Amino acid sequence: MLGYALLAGLVFGLYFGLVGLGLNLVFGVMRIVNLAHGDFLMLGAFGAFWLFGIAHVNPIVTAFLALPVFIALGFPLYYLVVPRLLRAKDPEMLSIILFFGMSQVIEALATIGFGPSERSIPGRVLGSGPVSLFGQSLPSAWMVSGVASGLAVLGVYLYLYRTRLGYLTRAVMVHREEALATGIDVHKVSAIAFGVGLALAAIAGVFAPFMLGSATPAMGVDLNIQSFAVIVVGSLGNPLGTVLGGIVYGVSLMFMQTYFSSWANLLPYLLLILILLVRPSGLLGRQVRLA
Amino acid sequence: MPRALRHALLVVLPVTLAAALLPFVYSNQLLLFNFVVFLTLAQGVNVIYGFTGYLPFGYVGFFGAGAYGFSLSVIHLHMAPLAALGVGALAAILLGLLLTPLLRLSGAYFAIANLAAALAVYQVVSNPNLTEITKGPYGISLSGVYQPQLSYGVAVAIMAATLGLAVYLRNSRFGLALQAIREDAISAAMAGVNVVRARTLAWLLSALVAGLIGGVFAWYVSVFYPDTVFSPDFSIFAIVFALFGGVATVTGPVLGVLILYGIYNAIGISTPQYFQLIYGLLIMGLVLFLPNGLASLFRRRGIDVP
């Protein structure tokens, strides 16, 4: 039991790290809260479902397709709303309301397009039979999703720490005005980061039918809370801290489900409140308390 | 004529009279009741968000606490409805007290933590393990105390009191102190405002408002499920209505409810997804082009909006 909870927790932790990663990247670079994050995840899930339905496209292929598609989607979306938002008096607060509006639009369009019912993809698409690891057996769809999440996180690490664009992105994260004064095209760098953030959400969404059971147009709200729990535990504004947050979240979720299953739904909320009150800065120090 | 009295005569009196008299000429009392509920909730959001600057994304937690405080004291203690309403209000205030540490967080952090808190309360109330006490996910039935006329009247009274509270905040030193905290808590403290006391008081007042109207909601509908009274729609609608009209005014939230909830009832019931689409686009446009609400259109022309 213990070994199973630990191992499944790690696999889910990697996945939840990916779920929160895009949200944290957007927050880190632009200091705005993308409350529509969960809805982009939902779009990824429905994209995978739709492509699988019409042409039996393997979800792993869909995950690769999601990257360019959602970066391309993020670009116009960024220029449409973010520069105007950042000029407002309190962009952080207003962004919550703005992106809530956007999430409503996406949810409505998805309901109009796909109908409100639950969708799922059979798990055997990602390999058949359970996989044995350290004497525990896990469904292979979980393993594939966990490995894919790990690879996506690695990709983000390479993007941020091994490319010139990532160097500029980190400069914008540290200080937006100073980056602008240095001559960095802040809007272009931010727009790319925004697109990557959406694409990460969509990739996480592609695997959502396997990890979370099914997908509905209204799944976004719950996923937002889980993403917030993950990134707050890690640390707001530090994308790679998210992975740690994801693993803490995944392992504690599995322990709750194993030992106190009926109260497991409470976990993300309590974890979120607790961390915000006790150690609001996560790993990376940023002042969030005022008085 | 003092400003507060003028505001009361211009806004509170007509709205209250309309709410009290319309049931005699219009038969859909449930619709009118929902308007009264949202007029109250939007003003409650106005107190803590409009005046004090904390965005209560989990405001529905107080509404649900009020509804369950009322229902459980009727079911288990066989209280009279009006006394049970007091228990509902008390439940909301206790939840508010429990959540006061959240006020230390600023901006988005407060909003997210508050949302998580409301969802946590919902998870506890609807947990099947607590069916003995809260009826769990199976819902509440209060047919024994069903009194639509009386409960409607009480709801109108609560709404009038809440509007009165908004008039008071709009025209008093306390309201001014709250707005100073919203603009800059440290400067407000320097100017002699007791920041912690003022914001806690505003928080508990808005919790009280939501708890009272939540209790009356339970009384009026008398059959409901936990996801009815903890629906995040209550928080979101109340916030958007208040924001649309313009916060930190008395008129703004009233206008927001009348216009947006009016549209909702015209098209939202039959085709919810199209309403959701329009509503989402409206919110986005609002934040981008009119972040201070409809009231700012008049203010820009130098008109004093009550």
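Some observations on this one:
- For B:T228, the conditions (1) open to solvent by less than 60 Å² (accessible area, probe 1.4 Å); (2) at pLDDT 95 or above are fulfilled apart from (2).
- Residues (of a type in the set (G, A, S), modelled with pLDDT of 90 or more and within 23 Å of B:L286 (Cβ to Cβ)) located in the range A:61-93: A:G74
- Residues of the range A:275-288 include at least one that is of a type outside the set (G, A, S), surrounded by fewer than 20 Cβ atoms within 10 Å (Cβ to Cβ) and either assigned to a helix (DSSP H, G or I) or at pLDDT 80 or above (or both).
- Members of the range A:112-125 found to be under 17 Å from A:P209 (Cα atoms) and within 14 Å of another protein chain (Cβ to nearest Cβ), listed by number: A:F114, A:G115, A:P116, A:S117
- All of B:A166, B:A177, B:A155, B:A92 fail the test of being open to solvent by less than 30 Å² (accessible area, probe 1.4 Å), farther than 30 Å from A:L276 by Cβ and modelled with pLDDT of 90 or more, apart from B:A155.
- For the range A:139-215, the helices (runs of 4 or more DSSP H) that sit wholly inside it and include 1 or more residues that are touching a residue at least 40 places away in the same chain (Cβ under 8 Å) and farther than 15 Å from A:N24 by Cβ are A:140-161, A:176-181, A:186-211.
- Looking across the range A:165-196, just one residue is basic (K, R) and closer than 26 Å to A:L65 by Cβ, and that is A:K188.
- For the range B:222-234, the criterion of a residue being in contact (Cβ under 8 Å) with a residue 24 or more places away in the chain, among the aliphatic types (A, V, I, L, M) and more than 13 Å from B:Y49 (Cα to Cα) is satisfied by at least one position.
- The requirement of being more than 14 Å from chain A (Cβ to nearest Cβ) and farther than 27 Å from B:Q147 by Cβ is not satisfied by B:L208.
- Of all residues in the range B:292-306 being part of a helix (DSSP H, G or I) and open to solvent by 80 Å² or more (accessible area, probe 1.4 Å), the one that is farthest from the other protein chains (Cβ to nearest Cβ): B:F298
- Residues satisfying the stated conditions in the range A:256-274, i.e. at the interface with chain B (Cβ under 10 Å from one of its Cβ atoms), of a type in the set (S, T, Y) and surrounded by 15 or more Cβ atoms within 10 Å (Cβ to Cβ): A:Y269
- Restricting the range B:96-123 to residues that are more than 21 Å from A:M93 (Cβ to Cβ) and at the interface with another protein chain (Cβ under 7 Å from one of its Cβ atoms) leaves a set whose member that is least open to solvent (accessible area, probe 1.4 Å) is B:A120.
The values are calculated or read from the model by the stated rules, or taken from the named source; none is laboratory data. Model, not experiment: these values are computed from the prediction. Cβ sites come from the backbone with ideal geometry, for glycine too, and all protein chains shown count toward neighbours. With ligands, DNA and RNA removed, areas are computed over all heavy atoms of the protein, side chains included. Shrake-Rupley method; radii C 1.70, N 1.55, O 1.52, S 1.80 Å.
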